[in-house]
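Presented below is the structure to which this report refers.
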Amino acid sequence: MASPVEQFKLKSLVPLELGGVDLSFTTSSLWMTVTVAAVTAFLTLSMRGGRLVPGRWQSMAEMSYEFIANMIRENVGAEGRKYFPFIFTLFMFILVGNLVGMIPFAYTFTSQIIVTFVMAATIFVGVTVIGLIRHGLHFFSLFVPSGTPLILAPLLIPIEIISYFVRPVSLSVRLFANMMAGHTMMKVFGGFTVLLGVLGVAPIILLVALTGFEIMVAVLQAYVFTVLTCLYLNDAIHLH
Amino acid sequence: MNCKSLLSLTAILHCSLWFLIPQAKAASGDAGPKLPQLDVQTYASQIFWLVVSFIVLYFLVAKVAMPRISEVLEERQERIEDDLDKAETLKKEAYLVKIEYEKALLSARERASNATRKAQDEITKRGAEVEALANQKVSNMLKDAENRIEKARLEVDSGGDASADTLEQSVARDIVGDTVRKLIGVDVSSNDIDKAISNTVREQTR
């Protein structure tokens with residue numbers, strides 16, 4: 001029986017090498033492309049009618065748009081308006097990436113630590129740059145929580161700095177670990193089903209429940225990732 | 001808190017993951033921990049395709065999808081506000097019309113009651129006039145009758161025979177005149193008749 005983590009292995013579909021660097025189009029790239037196509041199709045085809053009274057699909061597209069618009073309004077405020085396209089894209093990309101990963105035989109690119117880490121690091125760097133541009137050196141007051149007694153500063157400032165720099169790690173690992181753990185668990189139960197033969201009905205029932213749970217996790221993690229991005233952005237714009 | 005529970009959920013899943021890895025290793029019989037995600041060889045390709053697909057998606061979403069959605073949402077918002085405004089205007093208008101109607105109704109009612117009162121007054125006045133006139137007439141007639149009775153009585157009391165006989169005399173004259181004409185076909189003057197009657201009366205009373 002194959003290892004439960006075997007599923008995360010990438011297969012090169014179109015070999016590509018640029019300046020000695022392997023940039024092959026892999027299963028991961030394929031499902032990123034599928035995600036891009038699916039998001040674009042969802043957001044444009046459903047709005048094609050642009051009816052005043054929306055149908056089901058149009059309603060879903062409008063709801064996801066307003067969901068993120070509200071999230072930014074609540075967590076960042078009016079200044080967050082500029083970053084709406086980026087955050088909306090980010091949410092849809094992760095959400096659909098997680099969800100297409102639930103299709104049997106599909107690949108979940110969000111279960112790759114490098115993918116989530118690049119996204120988290122980009123956000124981290126971007127947010128820090130936004131904060132520095134807006135507030136200059138005053139930005140570093142972020143590391144001194146307001147109302148801190150001076151005597152505690154030597155203790156609190158390092159903690160704040162560490163927690164700040166851990167953000168990209170926690171943000172990326174949270175998404176990666178959730179997606180990986182879910183898919184591994186499903187694979188394990190799938191393996192049990194095969195091993196147990198007739199008795200395999202029991203793990204199948206569990207697998208059904210787990211699939212539902214995983215779909216929930218897929219949505220939840222996309223939401224968490226986006227909300228945390230908003231909170232980091234809010235920190236950079238408003239400095240606590 | 002929401003975030004905390006999410007973190008603990010993550011932690012549980014994470015632990016189960018690390019619990020599974022040795023099993024996975026045993027199952028596959030591989031030597032050494034081989035988590036495919038830690039294969040640095042694949043990183044360049046993944047980063048490259050991630051950046052490419054994300055940028056493409058960003059432009060598709062920001063330039064194609066979002067303007068359309070926001071346009072539709074704004075249109076709807078405008079339409080709703082427009083409709084609300086219109087409803088507000090109509091409501092105001094209806095209110096004004098209602099007030100006008102009530103005013104008209106009130107004045108009509110007043111006019112109606114005025115007219116009724118006037119008519120009633122007229123009727124009463126007219127009735128009183130007619131009654132007064134009738135009363136006047138009746139009392140005149142009564143007075144007249146009383147006068148006549150009084151006159152007659154006075155005549156009877158003072159005039160003696162001459163006046164008392166007037167009625168009898170005239171009746172007797174008529175009868176005598178008629179009788180003579182019927183009997184002998186001669187018209188006799190009333191003076192002659194009177195003379196004759198008085199003579200006759202005188203003879204008889206003697």
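None of the figures in this text is laboratory data; all of them are computed from the coordinates on show. Fair warning: this is a prediction, and the values are worked out from it, not measured in the lab. A quick note on method: Cβ atoms are made from the backbone with ideal geometry, for glycine too, and the neighbour counts reach across all protein chains shown.
In square nanometres, what is one fourth of the surface area of the convex hull spanned by the alpha carbons of region A:106-217?
Computed as one quarter of the Cα hull surface, the answer is 10.4 nm².
Have a look at A:VAL198, A:VAL96, A:VAL21 and tell me which one the Gaussian network model of chain A (Cα, springs below 10 Å) gives the largest fluctuation.
A:VAL21
Connecting C-alpha atoms closer than 10 Å in a GNM of chain A, tell me which of A:VAL208, A:VAL227, A:VAL173 has the biggest fluctuation.
Per the Cα network of chain A with a 10 Å cutoff, A:VAL208 tops the list.
Calculate, for A:VAL194 and B:ALA94, the FRET efficiency according to 1/(1 + (r/R0)^6) with r their C-beta to C-beta distance and R0 56 Å; round to the nearest 0.05.
Efficiency, from the Cβ-Cβ distance: 0.15.
Quick one: if you stick a label point 7 Å off each Cα along the C-beta vector at A:ARG73 and B:LYS63, how many nm between them?
Reported label-point gap for A:ARG73 and B:LYS63 is 2.8 nm.
Label B:ASN140 and B:ASP82 with points 7 Å out from Cα along Cα→Cβ: what is the distance between them in nm?
8.6
What residue among A:GLY80, A:GLY20, A:GLY49 shows peak mean-square fluctuation when chain A is described by a Gaussian network model with Cα springs under 10 Å?
The residue with the greatest mean-square fluctuation here is A:GLY20.
Considering amide H positions built from the backbone, and no H for Pro or chain starts, which residues 5 or more places from A:PHE25, or on another chain, come under 5 Å of its amide H?
A:LEU13, A:VAL14, A:LEU16
May I have the pair-distance distribution P(r) for region A:23-238, computed from all Cα-Cα distances with 5 Å bins from 0 and rounded to whole percent?
In order of increasing distance, the bins hold 1, 6, 12, 14, 15, 14, 12, 9, 7, 4, 3, 1, 0, 0 percent.
In nm, what is the difference between 0.36 nm times the number of residues separating A:MET63 and A:VAL144 and their Cα-Cα distance?
In short, 25.3 nm is gained.
Compute the whole-percent fraction of alpha carbon pairs in the protein assembly as shown spaced more than 33 Å apart.
Across the protein assembly as shown, Cα pairs with separations above 33 Å total 62 percent.
For region A:7-68, what percent of Cα pairs sit more than 14 Å apart?
67
So what are region A:153-240's ellipsoid semi-axes, whole angstrom, largest first, if each one is the square root of 5 times an eigenvalue of the alpha-carbon gyration tensor?
After diagonalising the Cα gyration tensor, the semi-axes are 40, 14, 8 Å.
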